[in-house]
Each structure stands twice: as C-alpha cells, then as structure tokens.
Amino acid sequence: MELWFTEKQTPEFGITAKIRETLVTEKTEYQDLALIDTEEFGRMLVLDGMVMTTVKDEFVYHEMAAHPALVTHPDPKQVLVVGGGDGGVIREVIKHPQVEKAVLVEIDGKVITCSKQYLPEIAGQLDHPRVDVQVGDGYMHIIQSKDKYDVIIVDSTEPVGPAAPLFERGFYQGIHEALKEDGIFVAQTDNPWFKADLIQKVNRDVKDIFPIVQVYGANIPTYPSGLWTFTMGSKKYDPLEVEEASVPELDTRYYTPRLHRAAFVLPRFVEDLVK
Ligand code: SAM
C-alpha cells in the first residue's frame, strides 16, 4: 500500500510526498516531530506537519540563510543562530574561517538529537569546537544579550507556537541591541504567495529599527510555494555594495559570488510588498 505525507500549505493547497519509511514520530514538549524517508527528497524533518528540511534540497535554504550576511560583514567573529536545531545553518556558518564562535539556541532538544541521529549530513557540525549549542528560548537569549554578536540568523519555524514571538517587532528591537554597532541580522520570512502580509509586516518593523533593510529570495521546492524570502537588517554594511570579486569561493551548491547580488533582485509583485 502506498503511503504519502501531505503538508497543507494553506487550508486549500499543499504538497504530497511518497513515503519510503517513517523513522520517527513523537510529540515533544513543543511540537509534533516526524522524520520521514521520502522517495523524492530523501529523509525529511517535519514539525507540526510542516516540512523543515530535506536531504535533497536543504542546501538551498541553509546556504542562503547564512552566506549573504556572513559575506556582507567584513569580519564576522561572533555569530548567533536562533532555532536551526537541524544544524544546517551552523554547518554553513563555520565555513567562514573568521567565525570564532557560532552559538545555536534551539528551544527543542529533541530536534537536535533526532537530526544528529537521522540527518548526519545536515547536523554533522553541531559538535564542532567553534560551535556552542544551547537548548533554550531564542527570544530570552536575545533579550539577555547586549552588543554581543556580529551576525544573528533567525532560522525559526513559522510564526506559530514557540516561534510566534520571533516575528514580533520587540524581537527585532532585541536583535538590534544584541548586535554590535556594525552588526547584521537575517530572518527567514516565508513566501510571497501565501504569506505576503507577514513579509510586509516584518519589512515595516525592521525598517523602523535598522538603517539598511534588504530582502532576497531563493527557490526551495519543498517549502510553501517554492519561492522563499529572507529579510536582512544591517546597522552599517549594505549587501548590495559587496563586490562580486570580494565574495569568497565557498564550498556551496547554490550560493555563488554572482548569485549574491542576483538574489536581491525581486520579482515585481514581491518588490511591491517591500517598497
Ligand atoms: N528552515 C525551517 C523553516 O524555515 O521553517 C526552520 C528549521 S529549524 C528546524 C526551526 C527550529 O526553530 C525548530 O527546531 C524549532 O524548535 C525552533 N524554534 C521555534 N521557536 C523557537 C524559539 N522561540 N527559540 C528557539 N528555537 C525555536
């Protein structure tokens, strides 16, 4: 009998993936966690019925969450990742030799242990000596941090449940204070097809707090609509002023020196959201 995993991306639309094997299903303290081996995208982490990451396409999101900010900042030594318990963003962050310490604050320890066990190609660097993994609420960590980080990357779930506060204006104000005087932050800001309001709201809030705000996109086939956005807030450095020649050659499969600038070129219907 064929088994399929379906994510309802809106109440009326979704994607479905043929299951090869279900490896984990459990209710953690924070969310329903599933680890499914799918025919098309390989192993897939699912939280509260939403695709978090898959072995086949994870590199797009993790490279694009990490490299634009880490290349724009001239000397990112202290980096914070909020959420990101699958370890993919951390794996990309430590590809930058200037990074002295990458702190991960993930609220659900089960995501970390499950990812280490079933997604070693994604979570494999969580034990790296330059990585400090903390299980806790990213919101509280930010509020208690002052002038600590050069780059902060918010790799959270959708603005529901424990991640809801991570899309509020107060959180971005807290990020501004947790960043050093020339710091940069990036947050994943969902898709323009089903979450246009969220993108607009975050853009408005971040523009009230940061002098430089840029939005960029990437194609992620297993995320709602496939067109994903990231919102960058910067105190001093503009990603659009990074010269292609100064972008380091990194061990990547999506991000490239030419794509750094191209990613910030948005389709008109997305531009209109963030004007
Ligand atoms: N790339 C995925 C996306 O765009 O939806 C997110 C992947 S990562 C697995 C998301 C993580 O954020 C989850 O492991 C979740 O437990 C974590 N998270 C949610 N709220 C959090 C909070 N307040 N503090 C820290 N981590 C949080």
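The values are calculated or read from the model by the stated rules, or taken from the named source; none is laboratory data. As the structure is a computational prediction, the values presented were derived from the model and not from experiment. Here the Cβ positions follow ideal geometry from the backbone for every residue, glycine too, while neighbour counts run over all protein chains shown. When the accessible area is computed, the model is the full protein with side chains, heavy atoms only, and any ligands, DNA or RNA have been set aside. Shrake-Rupley method; radii C 1.70, N 1.55, O 1.52, S 1.80 Å.
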Task: 17 Å Cα-Cα reach of Lys95 towards aspartates and glutamates, excluding residues that sit fewer than 8 places from it in its own chain - done: Glu58, Glu63, Asp75, Asp86, Glu121, Asp127, Asp132, Asp150, Glu249, Asp251
Task: Cut-off 17 Å, label 7 Å out along Cα→Cβ of Arg204, residues of the range 224-243 by amide N - done: none
- [ ] Could you let me know the centre-to-centre spacing of the range 229-275 and the range 91-166, using Cα atoms, in angstrom?
- [x] 22 Å
- [ ] For the range 58-273, calculate the relative contact order in percent as a whole number, restricting contacts to Cα pairs under 8 Å that are 6 or more residues apart.
- [x] 21 percent
- [ ] Count the net charge of all other residues whose Cβ sits under 10 Å from the Cβ of Tyr223, scoring Lys and Arg as +1 and Asp and Glu as -1.
- [x] -3
- [ ] Can you check what the net charge comes to around Lys8, using other residues whose Cβ is under 13 Å from the Cβ of Lys8 (Lys, Arg +1; Asp, Glu -1)?
- [x] -4
Task: Candidate residues Phe5, Phe171: accessible-area rank, largest first, probe 1.4 Å - done: Phe5, Phe171
Open item on the list: Using only Cα atoms and rounding to the nearest 10 degrees, what angle (0 to 90) does helix 109-118 make with the longest principal axis of the chain?
Closed with: 70 degrees
- [ ] Once you have a ≥ b ≥ c as the square roots of the Cα gyration tensor eigenvalues for the range 203-275, tell me rounded if a/c is under 1.5, and otherwise prolate or oblate according to whether a/b is larger than b/c.
- [x] oblate
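Would you kindly give the portion of the calculated P(r) for the chain that falls above 34 Å, as a percent of all Cα pairs?
12 percent
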Open item on the list: Can you list residues from other chains, or at least 5 along the same chain, whose modelled amide H is less than 5 Å from the amide H of Thr53?
Closed with: Leu45
Task: C-alpha long axis of helix 169-178 to longest principal axis of the chain, angle in ° - done: 60 degrees
- [ ] Give the calculated FRET efficiency between Thr22 and Gln98 to the nearest 0.05, with a Förster radius of 45 Å applied to their Cβ-Cβ distance.
- [x] 0.65
Task: Between helix 58-72 and the chain: long-axis angle, C-alpha atoms, 0 to 90°, nearest 10 - done: 10 degrees
Task: Phi to ³J(HN,Hα) by Karplus 6.51 cos²θ - 1.76 cosθ + 1.60 over the range 142-150, Hz, x for Gly, Pro - done: 5, 4, 8, 9, 10, 6, 9, 10, 7
- [ ] Per residue of the range 156-167, in order, report the coupling 6.51 cos²θ - 1.76 cosθ + 1.60 (Karplus, θ = phi - 60°) as ³J(HN,Hα) in whole Hz, putting x for Gly and Pro.
- [x] 9, 6, 4, x, 9, x, x, 8, 3, x, 7, 10
Open item on the list: Suppose only helical runs count, i.e. DSSP H with n ≥ 4. What mean residue ellipticity at 222 nm does that imply for the chain under -39500 (n - 2.57) per run, divided by all residues and rounded to the nearest 500 deg cm²/dmol?
Closed with: -8000 deg cm²/dmol
Open item on the list: Which entries of Lys101/Lys201; Lys116/Lys148; Lys56/Lys77; Lys77/Lys180; Lys148/Lys275; Lys56/Lys116 have Cα-Cα distances beyond 21 Å here?
Closed with: Lys101/Lys201; Lys116/Lys148; Lys56/Lys77; Lys148/Lys275
